[in-house]
1. What number of residues in the range 44-67 are assigned to a strand (DSSP E or B) and either surrounded by fewer than 14 Cβ atoms within 10 Å (Cβ to Cβ) or among the hydrophobic types (A, V, I, L, M, F, W, C) (or both)?
2. Return the pairs, sorted by first residue and then second, in which the second residue is exposed (fewer than 10 other Cβ atoms within 10 Å of the Cβ) and modelled with pLDDT under 95, the first residue lies in the range 7-25 and is within 21 Å of Gly52 (Cβ to Cβ), the beta carbons are less than 9 Å apart, and the residues are 6+ apart or on different chains.
3. Modelled with pLDDT of 95 or more, surrounded by 12 or more Cβ atoms within 10 Å (Cβ to Cβ), assigned to a helix (DSSP H, G or I) and not small (Gly, Ala, Ser) - does that describe any residue in the range 18-31?
4. Here's a check for you: in the range 71-87, which residue that is not in a helix (DSSP H, G or I) and not polar (S, T, N, Q) is surrounded by the fewest Cβ atoms within 10 Å (Cβ to Cβ)?
5. Of all residues in the range 1-33, which are hydroxyl-bearing (Ser, Thr, Tyr) and within 15 Å of Ala57 (Cα to Cα)?
Amino acid sequence: MIGISPDQPDKLESFDTRHSLGFTLLSDPDHVVAQKWGVWGEKKLYGKTYMGIVRSAFLLDESGKVQQAWYKISPKDTPKKLLAALG
């Protein structure tokens, strides 16, 4: 499993240390990867519109082909969806 975030590497390292994630976190501060995967988009919070990450999860096969994609998925639902898809 790999996580990709627009946060800087030092912030990701601190987050991983606090939460003991057990998987690699990659930094995408210029949103290049997020834009390529279609997960950098318009969001709204308290009536304010801004650009940000649309939290998503992708299940890839061994050749890198997307088998399933989940957009606007919560962190707690991600493992459940992935395990169900693999089961």
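1. Initially, the range 44-67 is screened for residues assigned to a strand (DSSP E or B), giving 44-45, 48-53, 56-60, 66-67.
Cutting the leftovers down to either surrounded by fewer than 14 Cβ atoms within 10 Å (Cβ to Cβ) or among the hydrophobic types (A, V, I, L, M, F, W, C) (or both) gives us 44-45, 48-51, 53, 57-60, 66-67.
So the answer is 13.
2. Asp16/Gly22; Asp16/Phe23; Leu25/Ile2
3. No: the range 18-31 contains no residue that is modelled with pLDDT of 95 or more, surrounded by 12 or more Cβ atoms within 10 Å (Cβ to Cβ), assigned to a helix (DSSP H, G or I) and not small (Gly, Ala, Ser).
4. The qualifying residue surrounded by the fewest Cβ atoms within 10 Å (Cβ to Cβ) is Gly87.
5. The first filter runs over the range 1-33 and keeps only residues hydroxyl-bearing (Ser, Thr, Tyr), leaving 5, 14, 17, 20, 24, 27.
Correct list: Ser5, Thr24.
Yes/no per residue for (1) assigned by TED's automatic domain parsing to the domain that holds Phe15; (2) free of Cβ contacts under 8 Å to residues at least 24 places away in the same chain:
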| position | (1), (2) |
| --- | --- |
| Val39 | yes, no |
| Lys44 | yes, yes |
| Thr49 | yes, yes |
| Leu60 | no, yes |
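The values are calculated or read from the model by the stated rules, or taken from the named source; none is laboratory data. Please read these numbers as outputs of a predicted model, since none were measured by experiment. When we count neighbours, we look across all protein chains shown, and the Cβ atoms used for this are built from the backbone with ideal geometry, even at glycine.
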